[in-house]
């Protein structure tokens, strides 16, 4: 399989993982991320949260239908600007 062509297949349902400090509750962080996604006319769903062993960090996971690679990069950039975000995978 030609992976280059496979990687450029959009629209796609994308799993996004946002690693954040646990300064706020899951609900507060989810609503901030949801607001950003909805600003790009995306409808994120299937939310999940996992806390780190010591409770300092949380991983917030969600799926969203992304129309293009450019929109995905715009979404990642906007989420990265949230105060407590450390990484986006």
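What follows draws every value from the coordinates through simple rules; no lab data is involved. Worth saying up front: this structure is predicted, and the values here are computed from it rather than measured. With ideal geometry, Cβ positions are generated from the backbone for all residues, glycine too; neighbour counts draw on all protein chains shown.
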(Q) Testing residue 85 on (1) touching a residue at least 40 places away in the same chain (Cβ under 8 Å); (2) farther than 14 Å from residue 14 by Cβ; (3) surrounded by fewer than 16 Cβ atoms within 10 Å (Cβ to Cβ), one condition comes back false. Which one is that? (A) (3)
Q.
Looking only at region 35-46, filter to residues that are under 11 Å from the mean Cα position of the chain (by Cα) and assigned to a helix (DSSP H, G or I); which one of those is surrounded by the most Cβ atoms within 10 Å (Cβ to Cβ)?
A. 37
(Q) For region 20-34, check the following and say yes or no: at least one residue is outside any strand (DSSP E or B), touching a helix residue (DSSP H, G or I) at 6+ places or on another chain (Cβ under 7 Å) and in contact (Cβ under 8 Å) with a residue 40 or more places away in the chain. (A) yes
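May I ask you to say which residue of 30, 69 is surrounded by 12 or more Cβ atoms within 10 Å (Cβ to Cβ) and in contact with a strand residue (DSSP E or B) (Cβ under 7 Å, 6 or more places away or on another chain)? Give the steps one after another, and end with the answer.
Working: 69 fails: in contact with a strand residue (DSSP E or B) (Cβ under 7 Å, 6 or more places away or on another chain).
So the residue among 30, 69 that is surrounded by 12 or more Cβ atoms within 10 Å (Cβ to Cβ) and in contact with a strand residue (DSSP E or B) (Cβ under 7 Å, 6 or more places away or on another chain) is 30.
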